[in-house]
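Below: one structure, written as structure tokens.
The values are calculated or read from the model by the stated rules, or taken from the named source; none is laboratory data. Predicted model only: the values in this text are computed from it and were never measured. Note that each Cβ is placed from the backbone with ideal geometry, even for glycine, and that neighbours are counted across all protein chains shown. The accessibility values were calculated without ligands, DNA or RNA, using every heavy atom of the protein model including side chains. Shrake-Rupley method; radii C 1.70, N 1.55, O 1.52, S 1.80 Å.
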Amino acid sequence: MADELEAKAWAVRALAHAPYSRFRVGAALLAADGRVFSGCNVENASYGLTICAERGAVVQAVAAGATKFTRIVVATDIDPPAAPRGACRQVLREFGPDLVVDSVGPHSRKQWRLWELLPEAFGPESLG
Ligand code: THU
């Protein structure tokens with residue numbers, strides 16, 4: 001499934017709207033029920049309104065009724081590949097710490113569990 005996910009991450013990356021940074025990002029998120037949701041970064045002339053690829057994929061998933069996830073693949077054209085940024089780690093953490101996070105570049109890949117990228121996280125359970 002990781003290979004299919006990686007292919008989807010690369011495919012959606014090509015659709016990124018990144019005229020300001022020119023840094024295209026694609027994300028493919030695997031739900032526990034087998035469905036795959038994808039997102040790309042969508043930049044805005046008002047830079048702060050940019051939407052990250054990972055968050056786009058999460059929004060697509062939740063709007064389709066999926067809130068349990070097992071893996072996300074994030075594709076960028078840099079080596080070593082970039083891990084999801086902090087804000088996206090927090091958004092992903094909402095749905096659990098055990099998510100497998102794959103970052104892939106043209107020639108290399110890295111893999112973590114989300115809890116490694118965001119230890120001691122503030123999550124739903126923190127609210128009691
Ligand atoms: N970006 C993402 O989409 N995800 C990340 O985890 C890191 C950054 C996007 C935001 C912006 O459009 C561009 O990459 C440069 O920061």
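Below is a table of values for the structure above.
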{"quantity": "Probe 1.4 Å, accessible area per residue of the chain, Å²", "calculated": "54 Å²"}
{"quantity": "Residue-averaged [θ]222 nm for the chain, counting only DSSP H segments that reach four residues, each worth -39500 (n - 2.57)", "calculated": "-7500 deg cm²/dmol"}
{"quantity": "Under Karplus coefficients 6.51, -1.76 and 1.60, residue-wise ³J(HN,Hα) of the stretch 30-39 in Hz, glycine/proline x", "calculated": "9, 7, 4, 8, x, 6, 10, 10, 10, x"}
{"quantity": "Degrees separating the helix 2-13 axis from the principal Cα axis of the chain, which is the longest one", "calculated": "50 degrees"}
{"quantity": "Percentage relative contact order, the chain, counting C-alpha pairs under 8 Å, at least six apart", "calculated": "20 percent"}
{"quantity": "Mean Cβ neighbour count within 10 Å, used as a protection proxy, ranking 40-49, 18-27 highest first", "calculated": "18-27, 40-49"}
{"quantity": "Whole-Hz ³J(HN,Hα) from phi, Karplus 6.51 cos²θ - 1.76 cosθ + 1.60, for the stretch 80-92, glycine and proline x", "calculated": "x, x, 7, 6, x, 6, x, 4, 6, 4, 5, 5, 5"}
{"quantity": "Helix axis angle, 53-63 relative to the chain longest principal axis, alpha carbon, degrees", "calculated": "50 degrees"}
